[in-house]
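Single-structure report; data block below.
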Amino acid sequence: MDDDGQDLARAEALVELGRLEEAEQRYRSLLAHDPGLVDAMLGLSQVLILQRRFTEAEHAAAQSVMLAPSAAMAHFLHSAASTETGHLDGALRSARTCAELAPHWAPARTQVACVLLAMPGADAEQALADADRGVELDPHDADAVNVRGVCLDRLGRRADADDAFRRALALDPTHVEAQRNIAMGALVRGRLAEGVGVLRTAAALDPQDGRMQEALDAAAGSVVNRWLLYLMSVALVLGVLGRSESTHGWRVGIGLGSLVLLGLRTQRVRRQYPRGSLGLHRLVRGADTSMRTDVVMVAVLLALVLCLTFAPPDLAASVGLAAVQMLTAIAGLGLLGLVVGLFIRAFDPERQ
């Protein structure tokens, strides 16, 4: 084996060991010596993708395509990087070229499906056809099985999608994307503990993947929404009770019991989350505007519940009346928004 071949083999070994920065330096040294060394340029593209430096990876992959236009891997890496940078038309062209050059290579068809799913107005049916072909070519390819699950989920076939994600995870227990998809499915179905548990495992496998924190934020949004609905319900009950002096004891008992239950539930939820991912500073500073609004609403409702629980009967009567009127109006607006949303979804041509 010549010197270049030995250096390439060492670089590939470094990639396998996860020593990506060292592998990158070795590939760059090879390219400094011979800018036309295709294998080194392909290796550099791969390493940059693994480091999530997608703009640099896209440029390196484009150079690979120029050096070796008939190399399927060059088009594959260019498509993968371009998908992440949002250059989807080019990504689709590269993916289809890769599939033409390597018609029996499962990742090529899987990549076509990935790009189709990423495009606006995604054609999930066509993406599923490509994903199915990828699984047919290699039934043991966890990536292909996982992408097939994403297609099924987009088509509303949730049970089939969950089966696909779990099969992908059985094929590769360290498959982060499959774990993330299983977790999001559990969160959508209200299984918070299961969803967060799987996300914690996925985040431990790939701490640099920002999408894990995004998924945890989405789960935190689910928690905050539950707190919001819970406190609204408690405040409504206390508001009704507060309008009568004879229910003072019931009001205090129900209020205290509800607050204790909320505290216990909050502690249980916080223990399920990775440290620092569900603190108040994270919810207020790291979340989006809607999350911050929900957190403020939770604080307002918590103050209202405290007031209705401990206020003397005269004050509780006036506050209770205002609370009932306010919460009834909010519930009415929420119901109206839900009806309008369902109406729009029913007549959305993109969903036909």
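The values are calculated or read from the model by the stated rules, or taken from the named source; none is laboratory data. It should be emphasised that the depicted structure is a prediction, and the values quoted were computed from it without experimental measurement. Side chains are part of the model used for accessible areas, which takes the heavy atoms of the whole protein and leaves out ligands, DNA and RNA. Shrake-Rupley method; radii C 1.70, N 1.55, O 1.52, S 1.80 Å.
Annotation: per residue accessible area for the range 1-112 equals 51 Å², rounded to a whole number [probe 1.4 Å, protein chains only]. Sorted from greatest to least, the principal axis extents spanned by the alpha carbons of the range 47-148 come out as 31, 28, 22 Å.
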